[in-house]
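Rule-based calculations on the coordinates, nothing more; no lab input. Remember, predicted model here, so these are calculated numbers, not experimental data. Virtual Cβ from ideal backbone geometry, glycine too; neighbours counted across all protein chains shown.
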Amino acid sequence: MFDLSPEHREIQAKARELAAAVAPFADEADEYVDVHPKTRELLAESGLARYVVPAQYGGAHEVLDPLTIAVIREALMYSSAHLDSLFGMQGVGSYSLSAGGSEELKQEWLPKVAALEAIAALALTEPDVGSDLRAVSTTMEADGDELVVNGRKSFITNGGAASFYCTLVREGDGWSMVLIPADTPGLSVERGSDLIAPHILGELTFTDVRVPANHRLGVPGKAFSLMLQTLAVFRVTVAASGVGLAQAALDEAKEHALTREQFGKPLIELGAVSQKLAQSWTDVEAARAFVYLAAARAKSDPLANLDLSSMAKVHATEAAAQVVDRSMQTMGRFGLVRGSKIERLYRNARPLRVYEGATEVLLDSLARRLAKGAR
Ligand SMILES: Cc1cc2nc3c(=O)[nH]c(=O)nc-3n(C[C@H](O)[C@H](O)[C@H](O)COP(=O)(O)OP(=O)(O)OC[C@H]3O[C@@H](n4cnc5c(N)ncnc54)[C@H](O)[C@@H]3O)c2cc1C
């Protein structure tokens, strides 16, 4: 068993406390397609969002620690996908600012992100562009002291609720990133699709959106380096969400199997049921151990350990899908009831295998790295 440090354990206890406070209304929060006010208030009060912002700008750690963020996400996802997303996106949505923003811009926004006074978003996907981000068609051009953005972004988490959007654009022959405040003229946001697992989603349109030149993030034409840095810190934390969800599903199934009797004994004493539960337990422990290891490695050198983070994401999110499916089966007809906890977990597990790198996309890039001699 990977040993968490006393500091990590302390943070884990805080995150579990927050998760327990949200648990009584998690089913309501997870139906929200806007920010759930009570969840936001409790997250802000917990101070946990400080862990996704550098200490210099109101955060907790000088350099972000993927293991800390992973431990928090595991605990939050155990209770609510909405809570996990609100927390995680503060980091995913602001990291290109932390890594590539001007001093002035960082001072303006990051302390608000840490205090949850500003909500962050990362806008990469477009109506016709998903995994193949090099095909983005939203453009940016410099015009004197300003940058002008035109195009559309789609399926953007926190769209409509965010205070700013770190946006991937095509600029000349390269790809750049720019921070666009939500109230900038020319930016309009419509509500996004309704998903099987409700999520705050927006569709963004940029029509001659103008921002000052200092809203540029990173080096012109080199946005992929910023995105890689974001993934290197945060991809493994999505894996941790998968572990939290899988643990919740296993606990739900175990409780049911201990209390429901068929053929004169609790379900857990029927061979096929016990096999399923034991297999799920094994899957959860293996996923957790791998996630903690990959997150700890990511802390020491995020980019050098991105392969491991990708593997952990594939492994944990696919394991979560298996565990929640087995758990549902263990609960028989009760697992199929709309509005039951296991049904919510089943729906919440599904997007994990698509966003921040779909399983097949990650396996494809891992295979290419393997072919090139990585190990
Ligand atoms: C809940 C949710 C929240 C999201 N939030 C955001 C957000 O905040 N910001 C943002 O920019 N985007 C966001 N997205 C979009 C998300 O990043 C994309 O869905 C993801 O990149 C995949 O793109 P796609 O859905 O267009 O699938 P496609 O790219 O069309 O791929 C479809 C499928 O084809 C397969 N595939 C694709 N490429 C390859 C390959 N190279 N090798 C092997 N198989 C492949 C995979 O199985 C993949 O699932 C969100 C999506 C969801 C569901």
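Taken over region 225-371, the ratio of Cα radius of gyration to 2.2 N^0.38 Å equals 1.17. Between Trp281 and Leu228, the FRET efficiency from the beta-carbon distance, with R0 = 45 Å, is close to 0.80. Remark: the Arg9-Arg210 segment gains 67.8 nm on full extension, using 0.36 nm per residue and subtracting the alpha carbon distance. Quotient of the Cα radius of gyration of region 6-114 and 2.2 N^0.38 Å, N being its number of residues: 1.04. The angle between the Cα long axis of helix 6-22 and the main principal axis of the chain comes to about 80°, on a 0 to 90 degree scale.
For the pair Ala304 and Phe25, label points projected 7 Å from Cα toward Cβ lie 4.7 nm apart.
Which length gain, in nm to one decimal place, applies between Arg260 and Ser131 when the Cα-Cα distance is subtracted from 0.36 nm times their residue separation? Each step should come with its number before you reach the end.
Working: separation 129, 0.36 × 129 = 46.44 nm, distance 4.41 nm.
Value of the extension gain: 42.0 nm.
Restricting to the chain, compute how many DSSP beta bridges are antiparallel as a %, nearest 5. Antiparallel bridges: around 80 percent, rounded to the nearest 5.
Averaging 1/r across all pairs of distinct Cα atoms in the chain and inverting the result yields a Kirkwood radius of 21.1 Å. Between Ile196 and Ala272, the simple label model (points 7 Å from Cα in the Cβ direction) yields a spacing of 2.3 nm. Each residue, Ala115 and Glu141, gets one label point 7 Å from its Cα in the Cβ direction; the gap between the two is 4.0 nm. Here's the picture: charge each Lys and Arg Cβ at +1 and each Asp and Glu Cβ at -1 in region 6-114, and of Ala81, Pro66, Leu105 the one pushed furthest to the positive end of that dipole is Pro66. If you take the Cα centroid of region 14-48 and the Cα centroid of region 268-300, the two points sit 26 Å apart. Its DSSP H runs of at least 4 residues, each contributing -39,500 (n - 2.57), put the calculated 222 nm mean residue ellipticity of the chain at -16500 deg cm²/dmol, to the nearest 500.
Were the residues from Glu360 through Glu45 laid out at 0.36 nm apart, the gain over their Cα-Cα distance would be 109.6 nm. Our note on the geometry: Cα centres of region 312-344 and region 62-101, 24 Å apart. Close Lys pairs in region 233-375, defined as Cα atoms under 22 Å apart and 8 or more places apart or on different chains, number 7.
Cα-based values for region 97-200, radius of gyration first and Dmax second, are 14.1, 45 Å.
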